[in-house]
Amino acid sequence: MIIKEQDRYFIMQATLKFSITNPGGEVMVAGDGNGMIEAETMIIAPKDGEPRSFSLREVGNIAESEYRIKIVLANGDNLLLSNMGYKYEDFLRNLIQARNELSLKDLLMEEKLRKQGIKADFAFIDAREQRQVGGKSEVRLYETAMVIMPERSDLVRVPYSELLTCKADALKVVALLESGGKIEFTRLGRDLEPFQKAIVDSITELSVRVQDMLKDVYPESDPNAILKASQFMKDGKAAKRSDLENACPGLWSRLEMKISGLGIGEEYAFLASKSKVAGVRIGMKRTLAGETKKDYIWFLAPIYPKGASRSGNAIAFEATSGEEEGRATYFFRMIGRKDYSQMVDPSILDPMAETALMETAKGLLAINFRREPIYLPNESLYSPEYTRYRYSIMRIPELRLLRERFIGRVVHSSIEQWKLDVDALLDFNVSQDSDAQRWNKSE
C-alpha cells in the first residue's frame with residue numbers, strides 16, 4: 001500500500017525504536033520515532049529532533065534477529081531498528097524489496113522484462129547437495145537472465161548462459177547450473193509449467209542466437225560442430241582456441257578473419273604476438289531480439305614473460321562492433337606488481353594467467369562491456385551523471401576487481417602511435433611498485 005503524506009509517497013511506515021552506532025560501537029544517537037520507506041530512501045523521524053534520511057543505496061547489509069533489524073551503512077555505521085510490533089514483518093519485507101528494486105538499476109540491468117510477478121519459494125543447492133540460501137521470493141525473467149527477488153535477502157541475477165537445463169515435475173521446477181549446483185523452485189501453483197517453459201525458451205533462444213552467429217562466420221561448417229562450439233560462447237562468453245578447434249576445426253581462423261573484417265585485425269595481431277597463443281580468448285555477442293542485428297566481437301590477450309623478457313603482467317581487452325566509434329584498448333593487471341617483480345620461475349604464471357583471464361571475462365560480462373565504470377577515477381563518481389556507477393561498484397564485486405586491476409587504456413589514433421603507446425603502458429606497468437598507479441599518456 002502506498003501512503004501519501006504532504007506530497008510524499010511512502011511504501012511503508014511504522015513506529016519504532018532506533019539507534020545509530022559508529023564502527024567502534026559508540027552510540028551516536030538513539031530514541032523513539034517513525035520509520036518511513038520510500039522508493040529510494042528510508043527516513044527515521046525521531047519524536048524529538050530532526051529527521052534523518054538514508055539512501056537505500058547506502059545500505060551495505062540488512063540482517064534480522066529477534067524482531068530487530070540491523071542495517072550496516074556504507075560509512076560503517078550501524079542502524080538498529082526495533083519495537084515495531086505487528087508491523088515488523090511488513091516493514092522488513094518492504095525495506096528489502098525497495099532496496100532490491102533500486103539494485104536492479106544499479107546492477108546495470110537495461111534489458112527488457114519478459115515475465116514478472118512469479119511467486120515461489122526458492123533454494124540454491126550446491127554440488128554437494130548443501131542448501132546455501134533460499135526463502136520466499138518473486139522471480140522475474142529478463143532477456144538474458146533470471147532475477148530472484150527474495151523477501152529477506154539481496155536479489156540474485158542468474159544469466160541463462162549459466163544454466164544447463166530446466167526441468168519440472170508435479171511439485172517443483174529445477175534449474176541445473178554449470179557449476180554443478182541447482183536452484184529449486186516450489187509453491188509455484190499454476191505458474192509451474194509456464195515458468196519452466198519460459199526458462200527453457202530463454203535458454204533455447206540464446207543458444208540459437210549463438211549458433212546463427214557462428215554459422216554466419218563459418219557457413220560451410222558442420223551444424224553439429226557449430227552446436228558443440230556454441231557451448232563455449234554462450235551469451236558472449238570468451239572461448240580459447242583449443243576448445244573451439246576441438247569442437248569445430250577451422251572456426252578459430254574464421255573468427256580471426258571476422259576480427260580483421262571489423263577493423264581491428266592489426267591490433268589483434270600485435271597483441272597476440274606479445275601473448276602466448278594458447279591464452280588468447282575470443283568472444284562474440286549478437287544484439288537482443290527486436291534490435292537491428294549487429295555482431296559485437298571482443299578478445300582478451302594475456303601478456304607475460306616470453307623467454308627472458310619481464311614485460312607484461314597484463315591482460316589486454318579489445319572490442320568492436322565495426323561501427324565508426326571512439327575506441328580504446330583496456331589493460332588489466334594479472335597479479336600484484338610486487339609479486340610479479342619477485343617472480344623467480346615464470347612458468348608458474350600460466351595458471352595465474354588462466355585465473356586472471358577467467359575473472360576479467362566474468363567481470364566484463366557482468367557489466368555488459370560498459371567501459372566508463374571501469375576507468376572513471378573515484379572523484380568523477382560523485383558527479384551527478386556518474387552517481388549510478390558509484391553504487392554499481394558497491395554492489396558488483398566483479399566490477400570492483402576490474403577497477404582494482406585496471407592499468408590504463410590506449411586510445412586508437414594511428415596504428416603506429418597505438419603500438420608505441422601500448423609498449424609505453426606495458427613498460428610503465430612493470431616499472432611501478434604500487435598497484436594503485438594507473439597509466440595515462442601524459443605521463
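The values are calculated or read from the model by the stated rules, or taken from the named source; none is laboratory data. It should be emphasised that the depicted structure is a prediction, and the values quoted were computed from it without experimental measurement. Positions of Cβ are generated from backbone atoms using ideal geometry, with glycine treated the same way; all protein chains shown enter the neighbour counts.
Give me the residue from the range 154-180 that is among the small types (Gly, Ala, Ser) and crowded, with 17+ Cβ neighbours inside 10 Å and, out of that set, nearest to the chain's Cα centre (by Cα).
Step one: filter the range 154-180 for residues among the small types (Gly, Ala, Ser), giving 161, 168, 170, 175, 179-180.
In the following step, the residues that additionally are crowded, with 17+ Cβ neighbours inside 10 Å were identified as 161, 168, 175.
Numbers: Ser161: 13, Ala168: 28, Ala175: 20 Å.
Applying the filter and picking the extreme gives Ser161.
Kindly indicate which of Asn34, Asn78, Asn22 is free of Cβ contacts under 8 Å to residues at least 60 places away in the same chain, surrounded by 12 or more Cβ atoms within 10 Å (Cβ to Cβ) and in contact with an Asp or Glu (Cβ under 7 Å, 6 or more places away or on another chain).
Values: Asn34 fails: in contact with an Asp or Glu (Cβ under 7 Å, 6 or more places away or on another chain); Asn78 fails: in contact with an Asp or Glu (Cβ under 7 Å, 6 or more places away or on another chain).
Unique residue meeting the criteria: Asn22.
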I'd like the residue in the range 369-402 that is out of contact with any strand residue (DSSP E or B) (no Cβ under 9 Å at 6 or more places or on another chain) and not in a helix (DSSP H, G or I) and, out of all such residues, is surrounded by the fewest Cβ atoms within 10 Å (Cβ to Cβ).
Pro377
Go through the range 227-242 and count every residue that is assigned to a helix (DSSP H, G or I) and touching a residue at least 24 places away in the same chain (Cβ under 8 Å).
5
Phe185 being among the aromatic types (Phe, Trp, Tyr) and over 20 Å from Glu111 (Cα atoms):
yes
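Looking at this structure, is Ala238 out of contact with any Asp or Glu (no Cβ under 7 Å at 6 or more places or on another chain) and closer than 21 Å to Ser321 by Cβ? First the steps, then the outcome.
Working: out of contact with any Asp or Glu (no Cβ under 7 Å at 6 or more places or on another chain): yes; closer than 21 Å to Ser321 by Cβ: yes.
Against the criterion (out of contact with any Asp or Glu (no Cβ under 7 Å at 6 or more places or on another chain) and closer than 21 Å to Ser321 by Cβ), Ala238 qualifies.
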What is the residue count in the range 81-109 for residues that are of a type in the set (Asp, Glu) and either more than 30 Å from Glu372 (Cα to Cα) or without any contact (Cβ under 8 Å) to a residue 12 or more places away in the chain (or both)?
2
Out of Val72, Val139, I need the residue that is surrounded by 14 or more Cβ atoms within 10 Å (Cβ to Cβ), among the β-branched types (Val, Ile, Thr), under 24 Å from the mean Cα position of the chain (by Cα) and in the same structural domain as Pro150 (by TED's automatic domain parsing). Which one?
Val139
For the range 205-216, which residues satisfy the criterion of being surrounded by fewer than 16 Cβ atoms within 10 Å (Cβ to Cβ) and either touching a residue at least 40 places away in the same chain (Cβ under 8 Å) or within 22 Å of the chain's Cα centre (by Cα) (or both)?
Glu205, Asp212, Asp216
What is the number of the single condition among (1) free of Cβ contacts under 8 Å to residues at least 24 places away in the same chain; (2) β-branched (Val, Ile, Thr); (3) closer than 27 Å to Glu162 by Cα that Ile348 does not meet?
(3)
Filter the range 98-114 down to the residues that are modelled with pLDDT of 85 or more and within 12 Å of Ile148 (Cα to Cα) and list them by number.
Asn100, Glu101
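Regarding Glu354, is this residue surrounded by fewer than 17 Cβ atoms within 10 Å (Cβ to Cβ) and modelled with pLDDT under 95? Full working, then the answer.
Numbers: surrounded by fewer than 17 Cβ atoms within 10 Å (Cβ to Cβ): yes; modelled with pLDDT under 95: yes.
Yes: the conditions hold for Glu354.
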Give the range 58-83 a look and list any residue that's within 23 Å of Tyr389 (Cβ to Cβ) and small (Gly, Ala, Ser), or say none.
Gly60, Ala74, Gly76
Working only within the range 315-338, note down all residues that are modelled with pLDDT under 95 and either aromatic (Phe, Trp, Tyr) or in contact with a Leu (Cβ under 6 Å, 6 or more places away or on another chain) (or both).
Thr320, Gly322
For the range 300-307, check the following and say yes or no: at least one residue is at pLDDT below 95, of a type in the set (D, E, K, R) and surrounded by 17 or more Cβ atoms within 10 Å (Cβ to Cβ).
no
All positions within the range 83-134 that are exposed (fewer than 15 other Cβ atoms within 10 Å of the Cβ), assigned to a loop (DSSP other than H, G, I, E, B) and among the aliphatic types (A, V, I, L, M)
Ala127
Note on the range 151-187: residues modelled with pLDDT under 95 and in a loop (DSSP other than H, G, I, E, B) are Glu151, Arg152, Ser153, Asp154, Leu155, Asp169, Ala170, Leu171, Glu178, Ser179, Gly180, Gly181
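In the set Pro305, Pro249, Pro219, which member is free of Cβ contacts under 8 Å to residues at least 24 places away in the same chain, more than 27 Å from the chain's Cα centre (by Cα) and in a loop (DSSP other than H, G, I, E, B)?
On the way: Pro305 fails: free of Cβ contacts under 8 Å to residues at least 24 places away in the same chain; Pro249 fails: free of Cβ contacts under 8 Å to residues at least 24 places away in the same chain.
Going through Pro305, Pro249, Pro219 in turn, just one is free of Cβ contacts under 8 Å to residues at least 24 places away in the same chain, more than 27 Å from the chain's Cα centre (by Cα) and in a loop (DSSP other than H, G, I, E, B): Pro219.
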